[in-house]
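Colleague: Pasting a structure below so you can have a look.
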Amino acid sequence: MRRLVATLLALPAYLFAQAQPVPVTSAIPGWQWTMDSITKTVDAVRAGRDLTPPRWPDGKKVAVLLSFDVDNETVTIRYGETSVGALSMGQYGARVGLGRIVALLDARRIPASFFIPSVSLALHPEMGPLIARSGRHEFAVHGWVHEMNATLPDSVERALLRRAVDDLTRMTGQRPVGYRAPSWNFSPNTLSILRDMGFRYESSLMADERPYELNQQGVPTGIVEIPVEWILDDAPLFDPRGERYSPPREVAQVWMDEFDRAYAEGTMFTLTLHPHISGHRSRIVALELLLDHIKAKAGDDAWYATHAAAAEYVRREARLGEPVPRATRRP
């Protein structure tokens, strides 16, 4: 465990480039802001009401949501890099890692959500039928080329997201309803764009571990947030280059502890993995150990669901209604 702690305290620059959001900063330091400016900034995108239901479907106690960000080569391409070595690391995700992960999920009949940059699927169209074969999994949006939203003007972010939606719809035969920002990099414009484009849920923010409604400038939007967290992401815990190796069994223990508390609280456990990271032979052991632990701990008391299914369930249970267009204000 000491090696895992050391990894978290000394992440290499490569990992920060891949996993850390680009900060959106002002030219004026916060201590010079007015209270009005502080409030406006904080309220731009904010957690609204908790949407956790009293019980999950069929009386189950905990929801288990597994998600996979199928980035492959786009993590390299988004920066305009042409490193053959880095691109090969990404190709591993499509060539080997994804198949290993899908085989594990399908053998256990577990549904999952696959957030895919549309360029990633265009480079590897064979991934679509592989994911769709069981009929359990969800395709969701993860940008066009894993772009960093906070570095883009509204018009470019909007155009890339529209292109991503159109491409995924064409390549998968289904229009995605959910969105996860690449690197969870949510810009000041992202929520408005998601509302304009009719998304039903979002999964990039970290204000809770339970599902909640997103508010914009203090007004409820009707969009369900399925929150994420770096603790429950393989990129920070597994150094992708192996320079500060984290043993998979120690990583699995972190996730088991997170699940145990979610189970005790009767809430939701959401995990984010990447085929080019967790799809390796030794690292998939962490996912296998976690799934074994959930089965032993919760048995039939765990509800496995896609993000879309969970979002619609909490929407119905909370009587949230439909997402609210930006021109509409709730009473």
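Colleague: Give the residue, chosen from R49, R100, that is of a type in the set (D, E, K, R), touching a strand residue (DSSP E or B) at 6+ places or on another chain (Cβ under 7 Å) and outside any loop (DSSP other than H, G, I, E, B).
Modeller: None of the other options fit; the residue is R49.
Colleague: Are any residues in region 80-110 polar (S, T, N, Q) and within 21 Å of the chain's Cα centre (by Cα), and if so, which ones?
Modeller: Q91
Colleague: Hey, another quick one. Out of all the residues in region 152-170, is one or more surrounded by fewer than 20 Cβ atoms within 10 Å (Cβ to Cβ) and touching a Ser or Thr at 6+ places or on another chain (Cβ under 6 Å)?
Modeller: yes
Colleague: Looking at region 115-164, which of its residues are part of a loop (DSSP other than H, G, I, E, B) and closer than 18 Å to R180 by Cα?
Modeller: P117, H137, H142, G143, W144, V145, H146, E147, M148, L152
Colleague: Please tell me if S246 is closer than 25 Å to D301 by Cα and either among the hydroxyl-bearing types (S, T, Y) or buried (at least 23 other Cβ atoms within 10 Å of the Cβ) (or both).
Modeller: Judged against the criteria, S246 is not a match.
Colleague: Same structure again: Scan region 24-42 and report the pairs whose first residue is at pLDDT 85 or above and surrounded by fewer than 10 Cβ atoms within 10 Å (Cβ to Cβ) and whose second residue is of a type outside the set (S, T, Y) and assigned to a helix (DSSP H, G or I), with Cβ atoms within less than 7 Å and a gap of 6+ or a chain change.
Modeller: none
Colleague: For region 296-323, how many residues meet the condition of being surrounded by 18 or more Cβ atoms within 10 Å (Cβ to Cβ) and not in a helix (DSSP H, G or I)?
Modeller: Number satisfying all stated conditions: 7.
Colleague: Quick check, is R133 basic (K, R) and either in contact (Cβ under 8 Å) with a residue 40 or more places away in the chain or surrounded by 18 or more Cβ atoms within 10 Å (Cβ to Cβ) (or both)?
Modeller: no
Colleague: Spot the failing condition for L105; the list is (1) over 15 Å from G279 (Cα atoms); (2) free of Cβ contacts under 8 Å to residues at least 40 places away in the same chain, and only one is missed.
Modeller: The number of the failed condition is (1).
Colleague: Scan region 140-159 and give yes if some residue there is within 22 Å of R316 (Cα to Cα) and touching a Leu at 6+ places or on another chain (Cβ under 9 Å), otherwise no.
Modeller: Looking only at region 140-159, we keep the residues that are within 22 Å of R316 (Cα to Cα), and these are 140.
Then drop every residue that is not touching a Leu at 6+ places or on another chain (Cβ under 9 Å), which leaves 140.
Checked against the condition, which is being within 22 Å of R316 (Cα to Cα) and touching a Leu at 6+ places or on another chain (Cβ under 9 Å), region 140-159 yields at least one hit.
Colleague: If you don't mind, there's one more thing I want to ask. Working only within region 260-279, note down all residues that are over 17 Å from the mean Cα position of the chain (by Cα) and assigned to a helix (DSSP H, G or I).
Modeller: D260, R261, A262, Y263, A264, E265
Colleague: Related question: I'd like to check something: does region 51-71 contain any residue that is farther than 29 Å from G266 by Cα, at pLDDT 95 or above and not aliphatic (A, V, I, L, M)?
Modeller: yes
Colleague: Also: From S37, S118, S113, grab the single residue that is among the small types (G, A, S) and more than 22 Å from the chain's Cα centre (by Cα).
Modeller: Only one candidate qualifies: S37.
Colleague: Kindly establish whether P125 is surrounded by fewer than 18 Cβ atoms within 10 Å (Cβ to Cβ) and either over 16 Å from the mean Cα position of the chain (by Cα) or more than 12 Å from V70 (Cβ to Cβ) (or both).
Modeller: yes
Colleague: If the requirement is being farther than 23 Å from A309 by Cβ and in contact with a Pro (Cβ under 6 Å, 6 or more places away or on another chain), which of these qualifies: H142, H146?
Modeller: The conditions single out H146.
The values are calculated or read from the model by the stated rules, or taken from the named source; none is laboratory data. The shown structure was predicted, so the numbers you read here are calculated from the model rather than taken from an experiment. Counting neighbours? That spans all protein chains shown, and the Cβs are built from the backbone with ideal geometry, glycine included.
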